[in-house]
1. Out of all the residues in the stretch 153-204, which are outside any loop (DSSP other than H, G, I, E, B) and hydroxyl-bearing (Ser, Thr, Tyr)?
2. Being touching a Ser or Thr at 6+ places or on another chain (Cβ under 6 Å) and among the hydrophobic types (A, V, I, L, M, F, W, C) is the filter here; which residues of the stretch 249-302 pass it?
3. Collect the residues in the stretch 248-269 that are under 26 Å from ARG111 (Cα atoms) and surrounded by 18 or more Cβ atoms within 10 Å (Cβ to Cβ), keeping them in residue-number order.
4. Filter the stretch 224-243 for residues that are closer than 13 Å to ARG270 by Cα and either under 16 Å from the mean Cα position of the chain (by Cα) or surrounded by 24 or more Cβ atoms within 10 Å (Cβ to Cβ) (or both) and give the result.
5. When both residues are 6+ apart or on different chains and their Cβ atoms are under 7 Å apart, which pairs have a first residue that lies in the stretch 277-300 and is among the charged types (D, E, K, R), and a second that is modelled with pLDDT of 75 or more?
6. Scan the stretch 247-271 residue by residue and report those that are under 19 Å from GLU144 (Cα atoms) and of a type in the set (Val, Ile, Thr).
7. Restrict the check to the stretch 187-201 and report whether at least one residue is more than 19 Å from PHE157 (Cβ to Cβ), among the polar types (S, T, N, Q) and in the same structural domain as ALA238 (by TED's automatic domain parsing).
8. If you check ALA177 against the conditions, is it at pLDDT below 95, assigned by TED's automatic domain parsing to the domain that holds PRO267 and of a type in the set (A, V, I, L, M, F, W, C)?
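The values are calculated or read from the model by the stated rules, or taken from the named source; none is laboratory data. Just so we're clear, the structure is a prediction, and the values are computed from it rather than from any experiment. Positions of Cβ are backbone-derived with ideal geometry, glycine not excepted, and every protein chain shown enters the neighbour counts.
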Amino acid sequence: MALKKQPESKFVQVLGLKLHYLDWGTENKPPMVLLHGGLQTAHSWDFVAFALRNRYHVRALDQRGHGDSDWAPDQDYSLEAQMKDMEKFIDTLGMEEKHVVSVPTGIDLSRFRKTAAIRGALGIPATAFVFGIVATLRSWKGHEYLLDAFSTLQGDFHLLIAGDGPQRPVLEKRIAAEEKRSKIHLVGQREDIPEIMSSMDCFVLPSYANEGVPQAIMQAMAAELPVISTRVGAIDEAVIDGETGVLVPPRDPQALAAAMLEMYRLPEMRVEMGRKARLVAEQKFSLEKMLDAMEQVFLSVQ
């Protein structure tokens with residue numbers, strides 16, 4: 001009886017998932033990528049499978065039925081979306097530096113671009129100046145500081161908050177007590193994020209912890225929005241202070257409010273920052289660039 005040919009096998013880690021690359025070395029059976037992960041990485045499955053779908057046959061496996069606990073992260077290579085703090089990442093994994101590759105997360109640039117705004121459906125006047133945030137409602141995303149800053153602004157300003165999460169009851173109570181509550185729009189989880197972002201004049205993410213390069217910032221940049229954010233995690237690798245946006249100290253509503261007013265008062269600067277933000281997104285954050293980098297790791301592992 002003839003023995004079946006065993007495929008070439010490689011392991012890679014990306015976005016909390018273990019990717020098992022199988023190449024049978026034949027055109028009749030294309031390479032396959034198996035995604036291994038538990039429920040805590042479920043949010044990454046759809047993204048990675050979507051990104052790889054045009055190049056490989058992709059199959060997602062749950063943790064319980066496929067011996068995932070036997071996989072050791074130092075077998076081959078690891079990819080991490082966050083580009084900073086590489087030494088800490090290497091120490092945590094206990095891997096050699098030469099086996100760690102940094103790959104920025106990619107986004108679908110064809111989806112995240114300027115599109116039709118939906119201000120009317122959101123109850124926002126067409127003439128208003130809109131600051132906006134798209135983020136899970138968690139404390140470290142800085143929504144409280146954004147509300148502090150927004151409450152000091154005088155003029156026809158509106159604040160658009162998209163997302164859901166454990167801080168929603170806290171934020172709803174806070175907004176209900178705000179004098180400007182009619183100008184604060186908490187719209188929850190949305191599927192139409194490109195349209196939500198196109199309804200904004202400026203994107204704001206005042207995070208103070210637990211960030212890499214947030215996808216929402218990359219999406220906002222792709223949508224040609226200037227960004228106000230903080231020097232937390234690897235945010236400053238996306239937002240170039242003074243070029244694609246403004247970076248302020250975390251947990252500083254006064255500095256945040258000043259940056260917001262500057263964005264409003266300098267429309268030419270705002271438009272130019274949005275234009276440059278789109279260029280940076282095209283150069284650094286496309287799905288194609290992420291896939292090319294991931295594929296190079298697959299092919300380079302011996």
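1. Residues satisfying the conditions are SER182, SER198.
2. ALA257, MET273, ALA277, VAL280
3. Selection gives MET263 alone.
4. GLU224, LEU225, PRO226, VAL227, ILE228
5. Listed pairs, sorted by first residue: ARG278/MET221; ARG278/ALA222; ARG278/GLU224; GLU282/LEU109; LYS289/GLY106.
6. Once the filter is applied, which keeps residues that are under 19 Å from GLU144 (Cα atoms) and of a type in the set (Val, Ile, Thr), the stretch 247-271 yields only VAL248.
7. yes
8. No.
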